[in-house]
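The next block holds one structure in the form of structure tokens; read it before the comments.
The values are calculated or read from the model by the stated rules, or taken from the named source; none is laboratory data. Note that this is a predicted model, so its numbers are computed, not measured. With ideal geometry, Cβ positions are generated from the backbone for all residues, glycine too; neighbour counts draw on all protein chains shown.
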Amino acid sequence: MILEVVKYGHPTLRKKGARVESVTPAIKELIANMFETMYAARGIGLAAQQVGEALLVTVIDVREASAERPSTLELNGQPADPHKLMPLVLINPELKSVGEMVAGPEGCLSFPEVYADISRPEKVDVVAMNEDGQRIEFRAGGLLARAIQHETDHLNGILFIDRMDSDTKKEMKAELDELQAGTKAVLAGKKASGTPSKL
């Protein structure tokens, strides 16, 4: 089922996710719906907060973008094909930054038409649980590392605009204020009409 992607201004985007202790049928259904939603929106990553659920769950698939923006993967210290991990589910992910800070373009499904260069560590070591409840560990680089960091930020209530430099944020202020106001107006309308406020 395709879920509604909540936009900037929705309170769930600022909530830190709750840990997932076990992969229940409800979590499996959420993961399946998140993948369907992400692919329908032509995204490469989606966090649970973006569909109104404050949980430490994210889905990622960088294959569509790999021609223009390559990724790297290391398993047990050995180079591996990043595509073998795709599609990727990360539950309760923990990251450790590795390497230099590098700037690269980012967008976000919760910020339609907003793009900016964001500086992030070039590589990350990742420890997480997968959709089968198994522990996974790997080192990611390139686009995969960027996507994982972007989505893990979402899981902690951090948005990519928080990582923008001050000049970029100033340039985009009017656009961001308009997006936020539009979201709040929709939420207020739903509340007033008595319909559920989940976008």
Query raised in the report: Can you name the residue in the stretch 57-93 that is assigned to a loop (DSSP other than H, G, I, E, B) and of a type in the set (A, V, I, L, M) and is also modelled with the lowest pLDDT among such residues?
Result: Ala67
Query raised in the report: If the Cβ limit is 9 Å and pairs must be 6+ apart or interchain, which residue in the stretch 96-113 that is closer than 17 Å to Leu159 by Cβ pairs with which residue that is part of a strand (DSSP E or B) and hydroxyl-bearing (Ser, Thr, Tyr)?
Result: Gly104/Ser119; Pro105/Tyr115; Glu106/Tyr115; Gly107/Tyr115; Cys108/Tyr115
Report summary line: For the stretch 127-159, the count of residues that are among the β-branched types (Val, Ile, Thr) and surrounded by fewer than 21 Cβ atoms within 10 Å (Cβ to Cβ) equals 3
Query raised in the report: Just a yes or no: is a residue in the stretch 13-33 within 14 Å of the chain's Cα centre (by Cα), hydroxyl-bearing (Ser, Thr, Tyr) and more than 27 Å from Asp167 (Cβ to Cβ)?
Result: no
Query raised in the report: Is at least one residue of the stretch 114-125 surrounded by 15 or more Cβ atoms within 10 Å (Cβ to Cβ), under 22 Å from Ala40 (Cα atoms) and not hydroxyl-bearing (Ser, Thr, Tyr)?
Result: yes
Query raised in the report: Gln49: at pLDDT 95 or above, farther than 23 Å from Leu159 by Cα and among the polar types (S, T, N, Q), yes or no?
Result: no
**Report entry** Hey, Ala67 touching a residue at least 24 places away in the same chain (Cβ under 8 Å), out of contact with any strand residue (DSSP E or B) (no Cβ under 6 Å at 6 or more places or on another chain) and of a type outside the set (Lys, Arg) or not
**Finding:** no
Query raised in the report: Condition test on Val124, is it aliphatic (A, V, I, L, M) and farther than 20 Å from Gly17 by Cβ?
Result: no
Query raised in the report: Has the stretch 160-173 got any residue that is in contact with a Gly (Cβ under 9 Å, 6 or more places away or on another chain), surrounded by fewer than 20 Cβ atoms within 10 Å (Cβ to Cβ) and assigned to a loop (DSSP other than H, G, I, E, B)?
Result: no
Report task. Name every residue in the stretch 16-51 that is part of a helix (DSSP H, G or I) and farther than 23 Å from Phe111 by Cα, in order of residue number. Result -> Pro25, Ala26, Ile27, Lys28, Glu29
Query raised in the report: Taking the stated definitions as given, is Gly52 touching a His at 6+ places or on another chain (Cβ under 8 Å), at positive phi and surrounded by fewer than 22 Cβ atoms within 10 Å (Cβ to Cβ)?
Result: yes
Report task. Could you please let me know if Tyr39 is surrounded by fewer than 20 Cβ atoms within 10 Å (Cβ to Cβ) and closer than 18 Å to Glu151 by Cβ? Result -> yes
Query raised in the report: With (1) part of a strand (DSSP E or B); (2) farther than 30 Å from Pro25 by Cβ as the list, and Val126 as the residue in question, which single condition is left unmet?
Result: (2)
